[in-house]
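Q: Let me begin by handing over the structure; questions about it come next.
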Number of protein chains: 6
Amino acid sequence: MFELGVVRRNITRADRTAADALAQYGSATVHEAMGRVGLMQPCMRPIQAGAQVSGTAVTVLLQPGDNWMLHVAAEQIREGDVVVAAVTSPCTDGYFGDLLATSFMARGARALVIDAGVRDVKALQQMGFAVWCRAISSKGTIKATLGSVNVPVVCAGMLVTPGDVIVADDDGVVVVPAAQAVATAEAAARREANEADKRARLAAGVLGLDMYKMREPLEKAGLRYID
Amino acid sequence: MFELGVVRRNITRADRTAADALAQYGSATVHEAMGRVGLMQPCMRPIQAGAQVSGTAVTVLLQPGDNWMLHVAAEQIREGDVVVAAVTSPCTDGYFGDLLATSFMARGARALVIDAGVRDVKALQQMGFAVWCRAISSKGTIKATLGSVNVPVVCAGMLVTPGDVIVADDDGVVVVPAAQAVATAEAAARREANEADKRARLAAGVLGLDMYKMREPLEKAGLRYID
Amino acid sequence: MFELGVVRRNITRADRTAADALAQYGSATVHEAMGRVGLMQPCMRPIQAGAQVSGTAVTVLLQPGDNWMLHVAAEQIREGDVVVAAVTSPCTDGYFGDLLATSFMARGARALVIDAGVRDVKALQQMGFAVWCRAISSKGTIKATLGSVNVPVVCAGMLVTPGDVIVADDDGVVVVPAAQAVATAEAAARREANEADKRARLAAGVLGLDMYKMREPLEKAGLRYID
Amino acid sequence: MFELGVVRRNITRADRTAADALAQYGSATVHEAMGRVGLMQPCMRPIQAGAQVSGTAVTVLLQPGDNWMLHVAAEQIREGDVVVAAVTSPCTDGYFGDLLATSFMARGARALVIDAGVRDVKALQQMGFAVWCRAISSKGTIKATLGSVNVPVVCAGMLVTPGDVIVADDDGVVVVPAAQAVATAEAAARREANEADKRARLAAGVLGLDMYKMREPLEKAGLRYID
Amino acid sequence: MFELGVVRRNITRADRTAADALAQYGSATVHEAMGRVGLMQPCMRPIQAGAQVSGTAVTVLLQPGDNWMLHVAAEQIREGDVVVAAVTSPCTDGYFGDLLATSFMARGARALVIDAGVRDVKALQQMGFAVWCRAISSKGTIKATLGSVNVPVVCAGMLVTPGDVIVADDDGVVVVPAAQAVATAEAAARREANEADKRARLAAGVLGLDMYKMREPLEKAGLRYID
Amino acid sequence: MFELGVVRRNITRADRTAADALAQYGSATVHEAMGRVGLMQPCMRPIQAGAQVSGTAVTVLLQPGDNWMLHVAAEQIREGDVVVAAVTSPCTDGYFGDLLATSFMARGARALVIDAGVRDVKALQQMGFAVWCRAISSKGTIKATLGSVNVPVVCAGMLVTPGDVIVADDDGVVVVPAAQAVATAEAAARREANEADKRARLAAGVLGLDMYKMREPLEKAGLRYID
């Protein structure tokens, strides 16, 4: 947020196995596994239904109406990365379309998460390039002012440091700091193992009130039943 | 809105036949049949395309970031109910996911209408549990503060009394007071019978101007045609 | 915007061949071909995925909560038109549904672009009538106050003069003044021809940095690479 | 919300002494005294700084862009009333200006709370007529469609029954059901008596951590201090 | 909206006497005098309370995050003008501050109306330079891309042609086409003359129901009084 | 953003002289002096006009509808601090009122910057405690869930590290990293020295076009003047 005109070439990406494994748990489970933190704001929506990805963050700081740094970022992408783009002020312009997506895919990117707009969404869906964004807009951008690549950025209310793991699905986008990736993958796995059994019992008609032993704390809190 | 810490067990549900029948007409026709009232605000959107349901309301009043009362509400659900949840202040957190949906379905609920966020939307779609909500968010909630179940609530700008009929589809959500359910179903049926003929004439090229005899009132209102 | 109670019967529609040809390029390419102008605000969203249309504008100026003039407009529609509707103050009511769509289709309209709400969206999708709008709402409207048909209107922030070409797709809606339709179609065709080659090179791994010769201007602007 | 075309002439107003007394406590204290319920949404803002009023509600249900029922409501106003107006769908038009305010003041109204727009705000401020609203807009309205007067309405997310007490100040607007007015006034008085002492201790440098005995529960919840 | 890179030097300003006279009536009366048209959206708010101005429009079309054309516009300002600025896509950056205001005042401008953000608002208030805007933001802008001066623009949803009259006050901003300025000033004067008498009668307790003879049409519309 | 349940007692505050000096320049100049970065989003508005403060950040991470950690933060405040509070999900509740303000003032705090709501705004204004916030709301909060104090937080889109300098005025809020405080104060001083001369020349009628030597680059960019 505070450094313009800089491209960091060497970043420390999170553990690859953990970064790849986190996709399967989805954003809700991962965010719970971290202690209910790390979510971007819910204004970030997928342009496609059903995509569920994780990867290591290459970050981009853009200027309003200017997508120059996305071209600079392409060169820094490695297989398994997710590009995360923020803008220095609120903007809904279409910073990204099918040409940049072609380039990003050729470089190995799995997705784009951008706190702004994108365009060519039909083509992007057909190409299978996943995008989470704040807006869809045909509005083109210029290439005039420097931002940065691979500096810490705030995207949709959440800090993203280059190399962090991004997990995104239909529910939203969560950021896992690189140092917590392995532990979070383990915690998410435990959490999910736990859920299958709960689901079966609830499906059989057991009430959460009983399964979670809520009746006593509810009574203690003063809940009154009236006929 | 004014009563916290209360669960009403016995509520008077609207006439079952009428409550079931209203789904087929959809929210627009039902709202017209009631005299153009009863709609929730258009910010309430379905998480799935094409679902069209009606049922009797079990209401829930939630606290911000706290979904405790949804678990309490599950026990009050009967076959054919639609759960309607409001929050005491604006909140987009994900109060509801696949585990609660499993429990609600097991209890016979047809849908959830919630003036807040939900998560696990892909799973919810696969399970076929219909949801109308204000937001989609992975953000988890706590279980710390009492709200109420089966008290009157305001959901997305509309009063819902327990037992009222809820009709929801791709166009939105409408509330039919229990006492008006039968009359509204009849009025909706009449309205729809009327529309097939109109549709055929319009498809044949007849103008609404002529079919609805609008030319005279338009002229009286001063409409001028210019070449 | 300034003339109420008027219907203009004879309008000069843009060149038909150009108006029809513009659809294939989509809103992003057309807006770029015009010099990056002409877009409506991104709040205008399609109710269906994948539709891509162009046509000549029949304009409508509506009053809040009143759809009378849409019926008046139907008579002015010719084959190949797109109806563009604005309201004199912000309103999300459902001005348009399946009956009006039936009439508009019978008259030859290709789509509706409305800076307000529509309803019966499932039926509209099934009929294949394309709509771009600001909201979806069951709320019905009245027929009490005059607006105008075929006067210049501002729709979602953009001026539309009757006869202009409207190009709409998943990315948004762009307005091409009638006098610029032919030149814009030519410019769009040139632009698109140009893109196939670029796409192939990017897919082969060529960087935009090199293809667009950006390295030198970036260095001149002061971009620093850090290891 | 469900009844159009009706004016109820005889309503049961809350206890006058309690209704008058509640103003002095302000919306925050009154809402706390009721158990933290009853607030309208924070989009309701005063057009003047510093006004703090309470009174008994005369309710109005309006149609979009139509202020006819405000004229009907004027006749139902008695000394000490606050007019509360809702619209059947979201609308920001200017339903109310200096002429209506002159009439309302002559009838004894203390304020207007309207979930829509007002105009002539400079004149309203000079006249000393207090208004809480969602928008300020010059947009005029028509007089064509019936709404209702003195039926229950939902205003900015909160149910208002005719005769309820409205308390409004710079912090927002709270609704006190008529039957709870006396008890709420007493609870508010106790609450406020309690605050003077707290304020003095905090001003003297005592920490809330100690005054409210929070250190132990915080420790129990797991709070860790790091140097 | 459609022409970039152009400065029109000679524009036809509205009749000076009418343009000056319109300020006294305010935006609500002027908009009514025009037949209830011409208003910008209510998101346009003054940065100062109580200012009430009118003047002839010098228009500016800006690019997102770029205020270059405001400097170009300064040269085109004449005594009695109001600068009206639009942006090619939604943007809240601070395009305008005390230095530009100093220059605009030196050139004779009476106000700025901008569909974007401004900064230095305390200084602007102290200088007495009136501004209506969509946002307040410290965010600075660049000078890199051409827009236009004195082309038709859409500002906050309303078309403004260079030379039109702008009337702005606490209630909002209205645009009067140059050709209608004289007639509008006359209509506004008549309207206002009419209001003093009405105000006196309403203040004396006469009801609008009687003064406007509404009882009969209300009864005809079906209004029912209930005791 | 990623650490809950932690209070850091020892933080490195920015240089005191620089932290104090930055207030005089205001948020716009400071943000420019940093290279046009560091601003919070423009939704952050002051509850009082004219306040202009700077100070060192004590940060707080809050849970939705829960202000417990503001009490914990009070103990960490030192003379010259500004408390900066973020919430883990969007929330407009009134987390802060006159009692907490009394305590914060007693501890030496200069202001509160909170990405949520506050209440008792009239009292806060009378006490002279400056607040920048996203909303004003009477809605009370609970004390049930841990957040953190003095961890890095994202407030209104900007990263704030404990000890950073906060500069806030009518134009908005800017964050200066502690390590850049001295250099930024110097750059801001140079920038301001520079402005007095410019202001005088503009007031004398010199055009920015000439003063900034813009005519040539504008011509090169293709600007055309038309009579």
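The values are calculated or read from the model by the stated rules, or taken from the named source; none is laboratory data. This structure is a prediction, so every number in the text was calculated from the model and none was measured. As a convention, Cβ positions derive from the backbone with ideal geometry for all residues, glycine included, and neighbour counts pool all protein chains shown.
Q: Show the residue pairs that are 6+ apart or on different chains and have beta-carbon atoms under 8 Å apart, the first residue being within region A:42-56 and of a type outside the set (D, E), the second being modelled with pLDDT under 95.
A: A:P42/F:P90
Q: Which condition breaks for D:M69 when tested against (1) assigned to a helix (DSSP H, G or I); (2) over 13 Å from the mean Cα position of the chain (by Cα); (3) under 30 Å from F:L124 (Cβ atoms); (4) not hydroxyl-bearing (S, T, Y)?
A: (3)
Q: Of the residues in region D:81-113, how many are touching a Lys or Arg at 6+ places or on another chain (Cβ under 6 Å) and hydroxyl-bearing (S, T, Y)?
A: Qualifying residue count, region D:81-113: 2.
Q: Related question: Tell me which residues, restricted to region F:106-134, are surrounded by 22 or more Cβ atoms within 10 Å (Cβ to Cβ) and facing chain D (nearest Cβ under 7 Å).
A: F:G117, F:R119, F:D120, F:V121
Q: Test each condition in (1) in contact (Cβ under 8 Å) with a residue 60 or more places away in the chain; (2) more than 23 Å from E:M44 (Cβ to Cβ) for E:A221 and report the one that comes out false.
A: (1)
Q: Please enumerate the residues belonging to region A:96-117 that are among the hydroxyl-bearing types (S, T, Y) and either within 20 Å of the chain's Cα centre (by Cα) or under 20 Å from C:G26 (Cα atoms) (or both). Full working, then the answer.
A: Here is the first cut: in region A:96-117, the ones among the hydroxyl-bearing types (S, T, Y) are A:102-103.
A:T102, the sole residue that qualifies.
Q: A further question follows. Considering (1) aliphatic (A, V, I, L, M); (2) closer than 30 Å to B:C43 by Cβ; (3) under 13 Å from the mean Cα position of the chain (by Cα), say which one A:M34 fails and leave the rest.
A: Here A:M34 meets the rest and fails (3).
Q: Keeping to region F:1-41, report how many residues are free of Cβ contacts under 8 Å to residues at least 60 places away in the same chain and within 19 Å of F:G172 (Cβ to Cβ).
A: Summing the residues that are free of Cβ contacts under 8 Å to residues at least 60 places away in the same chain and within 19 Å of F:G172 (Cβ to Cβ) in region F:1-41 gives 4.
Q: Checking E:L61 against (1) in contact with a helix residue (DSSP H, G or I) (Cβ under 6 Å, 6 or more places away or on another chain); (2) in a strand (DSSP E or B); (3) of a type outside the set (K, R): exactly one of these is not met. Which one?
A: Here E:L61 clears every test but (1).
Q: Going by the conditions given, is C:V206 part of a loop (DSSP other than H, G, I, E, B) and either closer than 30 Å to B:A203 by Cα or over 17 Å from the mean Cα position of the chain (by Cα) (or both)? Full working, then the answer.
A: Numbers: part of a loop (DSSP other than H, G, I, E, B): yes; either closer than 30 Å to B:A203 by Cα or over 17 Å from the mean Cα position of the chain (by Cα) (or both): yes.
Here the answer is yes, as C:V206 does meet what is asked.
Q: Tell me the residue from E:S89, E:S103 that is within 14 Å of chain A (Cβ to nearest Cβ) and either in a loop (DSSP other than H, G, I, E, B) or not aliphatic (A, V, I, L, M) (or both), please. Walk me through how you get there before you give the answer.
A: Values: E:S103 fails: within 14 Å of chain A (Cβ to nearest Cβ).
So the residue among E:S89, E:S103 that is within 14 Å of chain A (Cβ to nearest Cβ) and either in a loop (DSSP other than H, G, I, E, B) or not aliphatic (A, V, I, L, M) (or both) is E:S89.
Q: I need a count of the residues in region B:118-142 that are among the small types (G, A, S), within 28 Å of F:M1 (Cβ to Cβ) and within 18 Å of the chain's Cα centre (by Cα). Steps first, answer last, please.
A: Step one: of region B:118-142, the residues among the small types (G, A, S) are B:123, B:128, B:130, B:135, B:137-138, B:140.
With the extra rule that they be within 28 Å of F:M1 (Cβ to Cβ), the set shrinks to B:123, B:135, B:137-138, B:140.
Adding the requirement that they be within 18 Å of the chain's Cα centre (by Cα) leaves B:135.
Number of matching residues: 1.
Q: Would you mention how many residues in region F:53-62 are within 14 Å of chain B (Cβ to nearest Cβ) and in contact with an Asp or Glu (Cβ under 6 Å, 6 or more places away or on another chain)?
A: Number of matching residues: 0.
Q: Additional query: Out of region B:1-52, which residues are within 10 Å of chain C (Cβ to nearest Cβ), assigned to a loop (DSSP other than H, G, I, E, B) and either of a type in the set (D, E) or more than 24 Å from C:T141 (Cα to Cα) (or both)?
A: If the condition is that a residue be within 10 Å of chain C (Cβ to nearest Cβ), assigned to a loop (DSSP other than H, G, I, E, B) and either of a type in the set (D, E) or more than 24 Å from C:T141 (Cα to Cα) (or both), then B:A49, B:A51 are the ones that fit.
Q: If a residue must be more than 9 Å from every other protein chain (Cβ to nearest Cβ), surrounded by fewer than 24 Cβ atoms within 10 Å (Cβ to Cβ) and touching a Phe, Trp or Tyr at 6+ places or on another chain (Cβ under 9 Å), how many such residues does region F:63-86 contain?
A: 1
Q: Please work out if C:V174 is more than 7 Å from chain A (Cβ to nearest Cβ) and of a type in the set (A, V, I, L, M).
A: Details: more than 7 Å from chain A (Cβ to nearest Cβ): no; of a type in the set (A, V, I, L, M): yes.
Taking the combined requirement at face value, the residue does not satisfy it.
Q: At pLDDT 95 or above, within 21 Å of E:G222 (Cα to Cα) and in contact with a helix residue (DSSP H, G or I) (Cβ under 6 Å, 6 or more places away or on another chain): does that describe D:L39? If you could, list the steps in order and put the result at the bottom.
A: On the way: at pLDDT 95 or above: yes; within 21 Å of E:G222 (Cα to Cα): no; in contact with a helix residue (DSSP H, G or I) (Cβ under 6 Å, 6 or more places away or on another chain): yes.
Considered against the rule, which asks whether it is at pLDDT 95 or above, within 21 Å of E:G222 (Cα to Cα) and in contact with a helix residue (DSSP H, G or I) (Cβ under 6 Å, 6 or more places away or on another chain), D:L39 comes out as no.
Q: Out of the residues in region F:177-227 that are more than 7 Å from chain E (Cβ to nearest Cβ) and β-branched (V, I, T), state the one that is farthest from E:R9 (Cα to Cα).
A: F:V182
Q: Another one. Those residues that are without any contact (Cβ under 8 Å) to a residue 60 or more places away in the chain, surrounded by fewer than 24 Cβ atoms within 10 Å (Cβ to Cβ) and touching a His at 6+ places or on another chain (Cβ under 9 Å), I need them from region A:137-189; list them, please.
A: A:G140
Q: Is it the case that region D:112-127 has a residue that's without any contact (Cβ under 8 Å) to a residue 12 or more places away in the chain and out of contact with any Pro (no Cβ under 6 Å at 6 or more places or on another chain)? Don't jump to the end; show me each part of the working.
A: As a first pass, look at region D:112-127 and keep what is without any contact (Cβ under 8 Å) to a residue 12 or more places away in the chain: D:122, D:126.
Remaining after also requiring out of contact with any Pro (no Cβ under 6 Å at 6 or more places or on another chain): D:122, D:126.
Yes - at least one qualifying residue is present in region D:112-127.
Q: Look through B:A49, B:A19, B:A14, B:A57 and report the one residue that is small (G, A, S), closer than 24 Å to B:K122 by Cα and modelled with pLDDT of 95 or more. Working first, answer last.
A: Values: B:A19 fails: closer than 24 Å to B:K122 by Cα; B:A14 fails: closer than 24 Å to B:K122 by Cα; B:A57 fails: closer than 24 Å to B:K122 by Cα.
Result of the check over B:A49, B:A19, B:A14, B:A57: B:A49.
Q: Follow-up question, since we're still on this one. Which condition from (1) under 22 Å from A:A123 (Cβ atoms); (2) in contact with a strand residue (DSSP E or B) (Cβ under 8 Å, 6 or more places away or on another chain) is the one that C:A33 breaks?
A: Condition (2) is where C:A33 drops out.
Q: While we're on this one: Would you confirm, using the coordinates I've provided, whether C:E195 is at pLDDT below 95, surrounded by fewer than 23 Cβ atoms within 10 Å (Cβ to Cβ) and either over 29 Å from C:E32 (Cα atoms) or out of contact with any Cys (no Cβ under 9 Å at 6 or more places or on another chain) (or both)? Please lay out each step first, then the result.
A: Values: at pLDDT below 95: yes; surrounded by fewer than 23 Cβ atoms within 10 Å (Cβ to Cβ): yes; either over 29 Å from C:E32 (Cα atoms) or out of contact with any Cys (no Cβ under 9 Å at 6 or more places or on another chain) (or both): yes.
Taking the combined requirement at face value, the residue satisfies it.
Q: Under 7 Å by Cβ, and 6 or more places apart or on different chains, what pairs join a residue from region C:191-212 that is over 13 Å from A:A74 (Cβ atoms) and in contact (Cβ under 8 Å) with a residue 60 or more places away in the chain with one that is assigned to a helix (DSSP H, G or I) and among the polar types (S, T, N, Q)?
A: Note: pairs meeting the criteria are C:R191/C:T29; C:E192/C:T29.
Q: Checking the structure you have, find out if any residue of region A:11-28 is surrounded by 20 or more Cβ atoms within 10 Å (Cβ to Cβ), of a type in the set (S, T, N, Q) and within 25 Å of F:S89 (Cβ to Cβ).
A: Yes: one or more hits.
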